[in-house]
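**Student:** I have a structure I would like to understand better, so I am pasting it below and will then ask my questions one at a time.
Just so you know, all these numbers are worked out from the coordinates, no wet-lab data involved. The structure presented is a predicted model; accordingly, all values stated were derived computationally and were not measured. Neighbour counts run over all protein chains shown; Cβ positions are idealised from the backbone, glycine included.
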Amino acid sequence: MIHLNIGSNLDSNHGSRFDNISLAINLLINSKIKIKKLSNFYETPSYPNQNFPKFLNVGIIIDFHKNYLDLLNEIKKIEKKLGRIKTVKNDPRIIDIDIIDFNGEIKNTKKLILPHPKCHIRNFVLYPILEIDPNWSHPIFKKNAQFLINKLSQKFRIEITRLNKNVNILI
């Protein structure tokens with residue numbers, strides 16, 4: 001399975017953080033990427049600088065019949081279309097689309113590391129995965145999302161909020 005995580009902590013000319021994520025998902029659909037499952041929104045403080053606006057994130061499972069570099073290219077086009085500007089690492093951003101797991105592949109290239117190198121320590125990645133794919137197993141550590149969540153600090157386990165709001169998908 002292919003897992004993506006989409007986040008936003010800035011409003012844009014497209015609307016709110018919710019709108020940015022919804023638009024990104026609709027653009028994925030428009031580029032012939034099939035959305036199989038979609039989590040609720042999750043909100044977390046910005047990391048490492050908690051003075052920045054809070055992040056919203058969703059996890060999705062997709063069908064994609066090309067390779068991970070083709071998917072990365074599609075993602076970069078969508079981020080650019082939505083106004084993503086590469087700035088300092090961890091700065092606020094309109095949209096961020098990460099490939100978390102691409103069919104269990106393990107890769108380390110200049111363009112992409114699979115699985116995402118920090119997915120196992122990020123609450124905003126693990127909780128959405130637990131919601132939509134509780135049997136997922138980290139390709140390297142061979143541990144499921146619940147096990148990895150239990151390894152997080154108590155701070156990271158309590159500072160995440162699952163919102164009762166879903167993505168607007170235009171069909």
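**Student:** For the pair Ser31 and Lys111, how long in nm is the line joining their label points, each one 7 Å along Cα→Cβ?
**Tutor:** The modelled label-to-label distance comes out at 1.2 nm.
**Student:** Compute the distribution of all C-alpha to C-alpha distances in segment 2-162, in bins of 5 Å from 0, and list the percent of pairs in each, rounded to whole numbers.
**Tutor:** P(r) for segment 2-162, in whole percents per bin: 2, 9, 19, 23, 22, 17, 8, 1, 0.
**Student:** What is the local net charge at Ile78, summed over the other residues whose Cβ is closer than 12 Å to its Cβ (Lys, Arg +1; Asp, Glu -1)?
**Tutor:** Result for the local shell: +2.
**Student:** Applying 1/(1 + (r/R0)^6) with R0 = 25 Å to the Cβ-Cβ distance of Ser16 and Ile121, what FRET efficiency is obtained, to the nearest 0.05?
**Tutor:** Details: r = 28 Å, r/R0 = 1.11.
Working from the Cβ atoms, E equals 0.35.
**Student:** So, one more: Compute the signed sum of charges (Lys and Arg +1, Asp and Glu -1) over the other residues within less than 13 Å, Cβ to Cβ, of Asn150.
**Tutor:** Here the count lands on +3.
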